[in-house]
1. Give the residue that is farthest from residue 228 (Cα to Cα), with candidates limited to residues of the range 85-94 that are surrounded by 15 or more Cβ atoms within 10 Å (Cβ to Cβ) and out of contact with any helix residue (DSSP H, G or I) (no Cβ under 6 Å at 6 or more places or on another chain).
2. What number of residues within the range 1-54 are assigned to a helix (DSSP H, G or I) and modelled with pLDDT under 50?
């Protein structure tokens, strides 16, 4: 399962005080569009890298197709992304927007190398089916998070506990082979990251009003927001693939 992190933002920017509402709304739309563009570009990069590795001899750098034995590069793609997320989470205030972008693209690329193994385990049709299902769920929940007037922040602790619980359940499932247990984990995982998508979208929207008027802060927070949405999306995709995918 890919990592999820929710660092809190601090401070309030008063740059939007006195700005006409129409201008604020236009600025918010532009900001959210940049977040979604980064996120979509990251997903595209992941897909391209995954297909490139899966359909070439490069996949042998990740896993042995004949035996299914992991190669050293696979472990790099499993643990390095966690380090990148932690780096950005705790260092975003000190790094430049260009550095944040580089970390994001590197993260998406490494996930793509990791995901190349999915094409060896699942049929291409089921991978595509899970992807489009995840895309539809993401769009619906992100739209809800953007438009709802309900404050979703009280659910933050519950969702964080849910992520920890899912991680523990996945570890248990590695030792306890149960189809019913796996299906339950996958269904809960889909619902959990659907909720996280809505929550993150609302938080990203709120962040705009804290950083509006500060070009560097806006650029960094847009990349950071894209990373959070990207992680929620790929986790929804993975759980949907576990739930509905046809194995080879």
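1. Once the filter is applied, the top-ranked residue is 87.
2. 0
The values are calculated or read from the model by the stated rules, or taken from the named source; none is laboratory data. Everything quoted here is computed from the prediction, not taken from an experiment. Heads up, the Cβs are rebuilt from the backbone with ideal geometry, glycines too, and the neighbour counts pull from every protein chain shown.
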